[in-house]
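Report on the following structure.
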Amino acid sequence: MADDEAKKAKQAEIDRKRAEVRKRLEEASKAKKAKKGFMTPERKKKLRLLLRKKAAEELKKEQERKAAERRRIIDDRCGKPKNVEDANEDTLKSIVKQYFDRVLLCEGQKWDLEHEVKKKDFEIADLNSQVNDLRGKFQKPTLKKVSKYENKFAKLQKKAAEFNFRNQLKVVKKKEFTLEEEDKEKKPDWSKGKDDKKVKEEEVEA
């Protein structure tokens, strides 16, 4: 009996320790989740998907709205197509006249709009120049792009035109080449005495 009670007490102690460890692990996992905050990776992924889906829907609606607006403007300016299959000559003439009048009106409106745009552009440029003058800032004029090698080529061509090969040649006198020959032809002074003696001996013998 005593052994059974000891075993039960030991098992109860083991179960109690296991429960404490399990409780600590659960608390740690809860604390870890609490640190992550509300936006978990799964929720972030779902949110990104929803935002992409919403953006795609909005883009599609915007494209449809623009297409409908374009269609409406075309219908207002050009009118709806006429049925000309079963029309007689008078009806065709009236339809052509209507189209001609509409084209003429559209061209006039186009010219007025272009003139208005040019006028507005001129006014905007004038106001910008006035603002820059008041601020003390001046717009730099647009400069023409010039190759950096163009000036070098021009300078080289100028130097080539000024350079004359004949003028750059060194002038050489003939005497510079005849010095050695003249030196060879000249005889030393001691040989002159022998020559004079020979001449005198020849005169005496004669």
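Throughout, read-outs are computed from the coordinates displayed, never taken from laboratory work. Note that the coordinates shown come from a computational prediction; the quantities given were computed from them, not determined experimentally. Every residue, glycine among them, receives a Cβ derived from its backbone with ideal geometry; neighbour counts consider all protein chains shown.
Sub-7 Å Cβ pairs linking a first residue in the range 105-116 that is closer than 18 Å to ILE74 by Cβ to a second residue that is part of a helix (DSSP H, G or I), at least 6 apart or interchain, are CYS106/ARG77, ordered by first then second residue. Scanning the range 58-96 for residues that are more than 16 Å from CYS106 (Cα to Cα) and not in a helix (DSSP H, G or I) turns up PRO81, LYS82, ASN83, VAL84, GLU85, ASP86, ALA87, ASN88.
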